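Trainee: Sending over a structure as structure tokens; questions will come in a sec.
Every read-out reported here was derived from the displayed coordinates using simple, explicitly stated rules and does not represent laboratory data. What you are looking at is a predicted structure, and each value in this text was computed from that prediction instead of being measured. Please note: Cβ atoms are built from the backbone with ideal geometry, for glycine as well, and neighbour counts cover all protein chains shown.
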Amino acid sequence: MVVVTAVGIAYAALFVGALVSIARSGLTGAMKLAWAAFAVVAPFLGSAIWFLIGRRDSRRLDRV
């Protein structure tokens, strides 16, 4: 039961962290909405892809 609870908390933290990161990114409003929708529709996959690909791309846009 402790392991299930820990996994659930980690899952929720990943999801909420992704949404906060998306909201604070330098992307346009439409891209933020698209990433947030993807994270909501597929919480684990969307959040993981955001941290693996999306954040890196949004940082690249900030530097330009």
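Trainee: Suppose each label sits 7 Å from its Cα in the direction of the beta carbon; what would the I9-M31 distance come out to in nanometres?
Mentor: A separation of 3.5 nm, rounded to one decimal place.
Trainee: Sort 47-53, 6-12 for me by packing, meaning the mean count of neighbouring Cβ atoms within 10 Å per residue, highest on top. The partial results should precede the final answer.
Mentor: Numbers: 47-53: 16.1, 6-12: 10.6.
For the peptides 47-53, 6-12, the packing ranking is 47-53, 6-12.
Trainee: A follow-up question, please. Write down, largest first, the equivalent ellipsoid semi-axes of the chain in whole Å, where each equals the square root of 5 times an eigenvalue of the alpha-carbon gyration tensor.
Mentor: On the way: eigenvalues 125, 25, 14 Å².
Equivalent-ellipsoid dimensions as semi-axes: 25, 11, 9 Å.
Trainee: Still on this structure, please answer the following. Among residues other than I49 whose Cβ falls under 14 Å from its Cβ, what is the net charge (Lys/Arg +1, Asp/Glu -1)? Numbers along the way, then the final one.
Mentor: Details: positive: R55, R56; negative: D57.
My count for the surroundings of I49 gives +1.
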